[in-house]
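A quick write-up on the structure given underneath.
The values are calculated or read from the model by the stated rules, or taken from the named source; none is laboratory data. Note that the coordinates shown come from a computational prediction; the quantities given were computed from them, not determined experimentally. Neighbour counts are summed over all protein chains in view; Cβ atoms, including those assigned to glycine, are modelled from backbone coordinates with ideal geometry.
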Amino acid sequence: MDPQLPSALLPSACLVSFTHGSRALLQALAALDDTSLITVITETLQRRPELAPGVVNGAVPDLTYAPADSLIKRRATGRIMQVPATGLGFIDCPELKAVFGNDVYVHKNQVGTFPPGTEVNFAILLSKDMKPQAFDLQPTGPPFMRGKGAPSVFGMKGGW
């Protein structure tokens with residue numbers, strides 16, 4: 001057991017060796033009150049962030065919906081590359097390329113009227129194969145009114 005994890009959050013069944021198997025661990029976790037269980041899951045994901053996409057993928061959309069914060073708070077900046085008429089293009093974003101190993105996918109409906117080479121900020125959602133896909137493209141320069149070139153997350157101009 002990690003000595004930094006508050007032992008008060010864990011039932012006594014968790015304090016014994018985890019060699020008793022995952023069934024005992026699942027039972028112990030299920031016995032926690034909601035607040036304690038959320039704390040344990042959150043602490044675990046903060047210590048092992050590489051697990052977070054898999055956990056989210058397992059929960060969204062079958063168990064819950066993606067929070068609005070996923071489109072608002074974790075935005076990235078990149079440059080639109082060529083977008084073929086067939087629909088799927090890319091955004092060059094060195095930060096996300098370092099994490100995922102490839103450029104960010106973007107659908108032509110999300111690109112709207114932005115020409116190739118335009119720097120944009122965007123929300124990131126993960127595709128079925130856990131690759132980053134851009135949504136809600138916004139210009140990085142002076143603020144523009146919604147609908148003046150950037151489609152909404154639904155691919156239509158004019159905002160929500």
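Return the residue satisfying two criteria in turn: it lies in segment 50-86 and is at pLDDT 85 or above and within 16 Å of Pro115 (Cα to Cα), and of such residues it is farthest from the chain's Cα centre (by Cα).
That would be Met81.
Say we look at segment 104-141 and pick out the residues that are among the charged types (D, E, K, R) and surrounded by fewer than 17 Cβ atoms within 10 Å (Cβ to Cβ); which of these is modelled with the lowest pLDDT?
For segment 104-141, the residue satisfying everything is Lys128.
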